[in-house]
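Comments concern the structure below.
The values are calculated or read from the model by the stated rules, or taken from the named source; none is laboratory data. From a predicted model like this one, the values you see are computed outputs, not experimental measurements. Positions of Cβ are backbone-derived with ideal geometry, glycine not excepted, and every protein chain shown enters the neighbour counts. Keep in mind that these areas ignore ligands, DNA and RNA; they rest on the heavy atoms of the full protein, side chains included. Shrake-Rupley method; radii C 1.70, N 1.55, O 1.52, S 1.80 Å.
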2 protein chains.
Amino acid sequence: MSEMLKTGAVIGILGGGQLGRMLSVAASRLGLRTHIFEPSANPPAADVAHQLTTASYEDHDALRAFAATVDVITYEFENIPTSALDVLESLRPIRPGREALRVSQDRLTEKTYLAELGLKTAPFANVENAEDMEKAVAEIGTPSILKTRRFGYDGKGQSRLKSTEDAAQALADMAGAPAVLEGFVNFSHEVSVIGTRSADGQVACFDPGENVHRDGILHTTTVPARLSAGQRMDAVLMTANILNSLDYVGTMGVELFVTPEGLIVNEIAPRVHNSGHWTQNGCAVDQFEQHIRAVAGWPLGDGKRHSDVVMENLIGDDMERVGEIALETNAALHLYGKADAKPGRKMGHVNRVQVAAKG
Amino acid sequence: MSEMLKTGAVIGILGGGQLGRMLSVAASRLGLRTHIFEPSANPPAADVAHQLTTASYEDHDALRAFAATVDVITYEFENIPTSALDVLESLRPIRPGREALRVSQDRLTEKTYLAELGLKTAPFANVENAEDMEKAVAEIGTPSILKTRRFGYDGKGQSRLKSTEDAAQALADMAGAPAVLEGFVNFSHEVSVIGTRSADGQVACFDPGENVHRDGILHTTTVPARLSAGQRMDAVLMTANILNSLDYVGTMGVELFVTPEGLIVNEIAPRVHNSGHWTQNGCAVDQFEQHIRAVAGWPLGDGKRHSDVVMENLIGDDMERVGEIALETNAALHLYGKADAKPGRKMGHVNRVQVAAKG
């Protein structure tokens, strides 16, 4: 299947959150339909999808029925159970493929993979027990950070070590889950590159964005990022290297630390990424459409930026500011349709298009 | 109901074509859901709607059931049967209101209304029979054009009179339908203003676009249009005048002829309009979102243009060019998901963002 999916073809999306929602809208712009598979009720993506299956990833009959209605399968999150993937893969192509999921589902595997590609990462060591922990702290030192190998996101499953005295508590925080101790990187700022690779191996990257986090959650992405021309080139080449070596098909987010010694890869996400939401209002073809194009066997857009943008996430009670933001000039709201504005929950984002004064 | 509809509220949309489809996507960006009412099967809007009712406008039970699930009702086309509106209006607010529909459903009523507002229109006369036709031709002369009073669009239901000899044939072309004879206007180009009025009477207009038609169908809209500062102001004031006098809530398209004697109103459409599609890639808040904001009791965005755009409609076998267009720099595709690319059928459009060279 390297031919372009045609009008009315169906893309199956595993996961019905805001990323699935925005993927679904992007698919519609290309005349394609989506079918969302999501265990929980009233998923955000269902508001804009052609079809919805509400079922567990353990329900193999539901997975088979889902696969039968779609032309290709993609996903909005990386922690899909392996058994579900086995069922689906026997019926329809899954894009991006299994290798990207295998690598990114486990921090240790991911960091090892990146290091073997010749990319710089923070120093890291595997920690499964107290003995590992002792060795790891001796090797990597403090300050450092212990992170679960699997299922971490938005700062969850992490524990900081200010000194060696914090080691026991950090290990206890993991509650027995395998973890990785990561050394402290002295970086000036974080940037990310959103890159896409098509089914026939074409690569296109958006301009790097500069990320600011708050309470462990992405707060803003500003484009363009503060990078020299050389750093910008490095960032894109590193991303292309990862995409090509994984034989990747789709959009990926690559987070990079900017240090005096060069760019260091923090982590990769085998999917559209929060730090790429600015592309919706800064580019004619956004990260969601690039992903859909890749998955659907279409050629990629060139991803050129027509406008500078500052993206701000709306978390929890930031929703109270929506009425004000709606009045701002050149501010594009993107709300996710979630009913409960719980603290720490991503409710939407706003892209502020930066317009130079003109006559 | 002048308070803002909240996350998860439902907007009912009468009509499931491409305008309903793009309204539905815009609603999703504000966290709102849509329910589409459409008689024909597989409507384009259903791909991105929360709910779909497939029923006739004569099915009053279906209309009542539809109304019961929505918070407010809007529409994507003006020719909704009056009996359906009567049923719906007793149950939920309809925005824009009945007056806008009454005026715009009939060319004679519309032109009379606009003339009484003090706006210039082409000379016109009512034609219901041969006697009317003779009087009308004597008064208005040729070249002129005979148009059905109701249900005309994209050049359908029109017959041109090059000389008085064409009068009989033109009248026969109307097949007994009441018509209007319109005098020829010597205009240099056509522009249109897309304006929106909120529930509390705020008005916001997008920059006028310049329209080029081909075979009676809109071909391109270019923004900015060729207009002097004075003409631009006139165009916006005329639009605001119409919106205010109709006590209008929602987005409207106003087509204007540019002549040496000033701007002449060609026609108005009480809905989002093809000549406003450029706003999707030229503004942070597009015409569809402005309409949804108005209908949902939200404040309007200011509608400022951040980029110049040329919109091109993709009609019928223009779809064969989609593969090429997908490769263009700064070209945003918007396809409608229609299976059959019949001649003259609107299949999609492309917004080409015009980027000034920069460093």
- Mind checking which residues of segment A:4-26 are charged (D, E, K, R) and at the interface with chain B (Cβ under 8 Å from one of its Cβ atoms)? A:21
- Task: Say whether the condition of being open to solvent by 70 Å² or more (accessible area, probe 1.4 Å), assigned to a loop (DSSP other than H, G, I, E, B) and small (Gly, Ala, Ser) is met by at least one residue in segment B:148-158.
- Result: no
- For residue A:247: the one exception among (1) of a type outside the set (Phe, Trp, Tyr); (2) in contact with an Asp or Glu (Cβ under 9 Å, 6 or more places away or on another chain); (3) within 13 Å of another protein chain (Cβ to nearest Cβ): (3)
- Item | residue B:22 being in a helix (DSSP H, G or I), in contact (Cβ under 8 Å) with a residue 24 or more places away in the chain and of a type in the set (A, V, I, L, M, F, W, C) | yes
- Query: If only one of A:157, A:176 is in the same structural domain as residue A:138 (by TED's automatic domain parsing) and within 28 Å of residue A:311 (Cα to Cα), which one is it?
  - Reply: A:157
- Note on the structure: Filtering segment B:311-331 for residues that are open to solvent by 10 Å² or more (accessible area, probe 1.4 Å) and more than 24 Å from residue A:287 (Cβ to Cβ) leaves a count of 7
- Item | Qualifying residues in segment B:48-93 (those that are hydrophobic (A, V, I, L, M, F, W, C) and in a loop (DSSP other than H, G, I, E, B)) - the one farthest from residue A:28 (Cα to Cα) | B:91
- Query: Just one of A:358, A:342 is open to solvent by 20 Å² or more (accessible area, probe 1.4 Å), at pLDDT below 95, under 25 Å from residue A:214 (Cα atoms) and among the basic types (Lys, Arg); which is it?
  - Reply: A:342
- Mind telling me which of the residues A:323, A:276, A:316 ends up being of a type in the set (Gly, Ala, Ser) and in contact (Cβ under 8 Å) with a residue 60 or more places away in the chain? A:276
- segment A:270-283, residues that are within 14 Å of another protein chain (Cβ to nearest Cβ) and open to solvent by 10 Å² or more (accessible area, probe 1.4 Å): A:280, A:281
- Item | Of all residues making up segment A:212-266, the number that are within 18 Å of the chain's Cα centre (by Cα), under 30 Å from residue A:159 (Cα atoms) and assigned to a strand (DSSP E or B) | 19
- Task: Taking the options B:267, B:255, B:289, name whichever one is surrounded by fewer than 22 Cβ atoms within 10 Å (Cβ to Cβ) and at pLDDT 95 or above.
- Result: B:255
- Task: For segment B:197-216, enumerate the residues that are touching a strand residue (DSSP E or B) at 6+ places or on another chain (Cβ under 6 Å) and buried (at least 16 other Cβ atoms within 10 Å of the Cβ).
- Result: B:197, B:203, B:204, B:205, B:206, B:207, B:208, B:209, B:210, B:211
- Query: Restricting attention to segment B:276-288, does a residue exist that is within 29 Å of residue B:186 (Cβ to Cβ), outside any loop (DSSP other than H, G, I, E, B) and either over 16 Å from the mean Cα position of the chain (by Cα) or not basic (Lys, Arg) (or both)?
  - Reply: yes
- Message: On the basis of being open to solvent by 20 Å² or more (accessible area, probe 1.4 Å), of a type in the set (Ser, Thr, Tyr) and not assigned by TED's automatic domain parsing to the domain that holds residue A:337, does residue A:56 make the cut?
- Response: yes
- Tell me, which residue of segment A:43-53 that is within 13 Å of chain B (Cβ to nearest Cβ) and without any contact (Cβ under 8 Å) to a residue 40 or more places away in the chain is surrounded by the fewest Cβ atoms within 10 Å (Cβ to Cβ)? A:52
- So, of the residues in segment B:296-352 that are farther than 21 Å from residue A:300 by Cα and either polar (S, T, N, Q) or in a helix (DSSP H, G or I) (or both), which turns out to be nearest to the other protein chains (Cβ to nearest Cβ)? B:307
- Task: Would you be able to say whether some residue in segment B:72-81 is more than 30 Å from residue B:260 (Cβ to Cβ), free of Cβ contacts under 8 Å to residues at least 40 places away in the same chain and open to solvent by 30 Å² or more (accessible area, probe 1.4 Å)?
- Result: yes
- Would a scan of segment B:81-101 turn up a residue that is within 12 Å of chain A (Cβ to nearest Cβ), in contact with a His (Cβ under 6 Å, 6 or more places away or on another chain) and on the phi < 0 side of the Ramachandran plot? no
- Query: Which one is farthest from the other protein chains (Cβ to nearest Cβ), of the residues in segment B:27-42 that are surrounded by fewer than 23 Cβ atoms within 10 Å (Cβ to Cβ) and not in a strand (DSSP E or B)?
  - Reply: B:39
- Could you list, in sequence order, the residues of segment A:100-144 that are open to solvent by 70 Å² or more (accessible area, probe 1.4 Å) and assigned to a helix (DSSP H, G or I)? A:102, A:116, A:131, A:134, A:135, A:138, A:139
